[in-house]
1. Which of the three applies to segment 148-240, rounded, prolate or oblate, going by the alpha-carbon gyration tensor with a ≥ b ≥ c and a/c under 1.5 meaning rounded?
2. Please report, in debye to the nearest 20, how large the charge dipole of segment 110-240 is about its Cα centre when each Lys and Arg carries +1 at its beta carbon and each Asp and Glu carries -1 there.
3. Shape of segment 144-201 from its Cα gyration tensor (a ≥ b ≥ c, root eigenvalues): rounded if a/c is under 1.5, otherwise prolate when a/b > b/c, or oblate?
4. So how far, in whole Å, is the C-alpha centre of segment 52-72 from the one of segment 179-212?
5. Can you tell me the FRET efficiency between A142 and E20 if r is taken as the Cβ-Cβ distance and R0 is 35 Å, rounded to the nearest 0.05?
6. For Q28 and V40 in one chain, what is 0.36 nm times their gap in residues minus the Cα-Cα distance, to one decimal in nm?
7. Give me the net charge of A173's neighbourhood, meaning all other residues with Cβ under 15 Å from the Cβ of A173; Lys, Arg count +1, Asp, Glu -1.
8. Would you mind telling me which residue in L186, L56, L155 has the biggest mean-square fluctuation in a Gaussian network model of the chain, where springs connect alpha carbons within a distance under 10 angstrom?
Amino acid sequence: MTTMQPGVLTAKGDRDMASEVDYAIEEQVRAFLSHKTPDVGFLGEENGTSGSTNDLMWALDPVDGTVNFVHGSPLCAISLGLIVGSRPVLGVIDLPFLGERYSAVEGAGAEADGRRITVSSVSKVSEAVVAVGDYAVGDRAAQKNSERFAMTERLTAKVQRIRMHGSAAIDLAWLAAGRVDAIAMLANKPWDTAAGVIIAREAGAQVVDRDGLPHDTCVQSTVAAHPALLPAVLSLVAGA
């Protein structure tokens, strides 16, 4: 991927797209895993589910941050998670243009390029850098963004800085590595977050939905931080 161009772009609705590279990566990973793990189902962002429908499934975002990729930004990722029921238990996030790889297995900690990583110990919201998810496009974008604007306004008044990277996988990986102190996303899919959630958890983050309930692949929002910081961030997100 480090030498590939986006190729043909396919429209996926209002201001959303998939590149030729998205489809190529998903096709190759799906074929490889169907051969190596034939009893495990597969969920890809671009072509949906295939294989077994049991409680064990791979979830792949072949290019998380496609808009960044198409515009030549290095902030994009390949994100692969293994889900048991609705709980991710293994994750790998590769940042090909930055030369970084993050990984975790449940109960074994999180690593970046073979080095153990942990979330930051920041506990004061005024000292926290918070990564937020993209604003919405497509159906009901104005309604969805009213919540996002409100959340951003509340966070901006209290936190040290806001960041928007345009990739859920990067947000979660960099939370795990301590590069940001918290994340808040009001919309996500299993392929967006499965790998990142287990990596963040294994690095010491507490990961919940916007209501403060434990995060799983069925929820539509993701809020995460060190346990000492999470309540303050969650109150700002929930209040929006």
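1. Numbers: a/c = 1.41, a/b = 1.28, b/c = 1.11.
Judged from the Cα gyration tensor, segment 148-240 comes out rounded (a/c under 1.5).
2. Details: 14 positive and 14 negative charges, 59 e Å.
So the dipole magnitude of segment 110-240 works out to roughly 280 debye.
3. It comes out oblate by the Cα gyration axes.
4. Each part's Cα centre sits 16 Å from the other's.
5. For A142 and E20, the calculated efficiency is 0.65.
6. 2.7 nm
7. Numbers: positive: R101, R115, R116, R163, R179, R201; negative: D61, D64, D94, E100, E111, D113, D171, D181, D192, E202.
My count for the surroundings of A173 gives -4.
8. L56
The values are calculated or read from the model by the stated rules, or taken from the named source; none is laboratory data. Keep in mind that this is a model prediction, so the values were computed, not measured. No Cβ is skipped: glycine too gets one built from the backbone with ideal geometry, and neighbour counts run over all protein chains shown. The accessibility values were calculated without ligands, DNA or RNA, using every heavy atom of the protein model including side chains. Shrake-Rupley method; radii C 1.70, N 1.55, O 1.52, S 1.80 Å.
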